[in-house]
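First comes the structure, then the notes that go with it.
The values are calculated or read from the model by the stated rules, or taken from the named source; none is laboratory data. In this text, all values refer to a predicted model and were calculated from it rather than measured experimentally. Here Cβ is always computed from backbone atoms with ideal geometry, including for glycine, and neighbour counts include all displayed protein chains.
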Amino acid sequence: MLATTESVELLEYAEQLAQMVLESDIVEQYHICLYKMQNSKETQEKIKRFVNLKELYEEVQRFGKYHPDYKRVMSQIREYKREMDLDTYVAEFKLAENDLQSLLDEISMLVGGAVSKQIKVPSGNPFFDTGSHGSGCGGGGSCGCSA
């Protein structure tokens, strides 16, 4: 691809947009929550304990209910996951992460929609995945798409 003034301008706009995102309150909150989560010894112990048990869980999953430790591991993995998810710093981080993902999804939809309403932008968010026709591609063709 040859560099034209138009493509250079587009890259500059993209860099400006990226910088605006990086300087946003949402990204700042994300970094604060990440820092708190990574620097809390108690939180890191919960995460480490869950990750270590997750390895055993994956081994148990290979054999299913016939594994001798099946019930104990299944019970413990749920308990450790709940402890980790209910940790204040993990919960705050997950909320900040979701906020950042929503911002990035919105930006993707706006950029894609500015090019064409028919552009499909994967977002991982069902709110955005409905596209301009409101029923997604599971609408049985009623939306008029060629799915």
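Key figures for this structure:
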item	result
Unmet criterion (only one of (1) out of contact with any Ser or Thr (no Cβ under 7 Å at 6 or more places or on another chain); (2) within 29 Å of Ser123 (Cα to Cα)) for Met37	(1)
Whichever residue in segment 109-122 is touching a helix residue (DSSP H, G or I) at 6+ places or on another chain (Cβ under 9 Å) and surrounded by fewer than 16 Cβ atoms within 10 Å (Cβ to Cβ) and, among such residues, is nearest to Val21 (Cα to Cα)	Val111
Contacts under 8 angstrom Cβ, first residue in segment 3-20 being under 23 Å from Leu100 (Cα atoms), partner at pLDDT below 95, 6 or more apart	Leu17/Ile107
Residue, nearest to Tyr35 (Cα to Cα), within segment 61-119, restricted to residues that are among the β-branched types (Val, Ile, Thr) and part of a helix (DSSP H, G or I)	Val90
Qualifying positions in segment 23-60 - touching a helix residue (DSSP H, G or I) at 6+ places or on another chain (Cβ under 8 Å), closer than 21 Å to Ala91 by Cβ and assigned to a loop (DSSP other than H, G, I, E, B)	Ser40
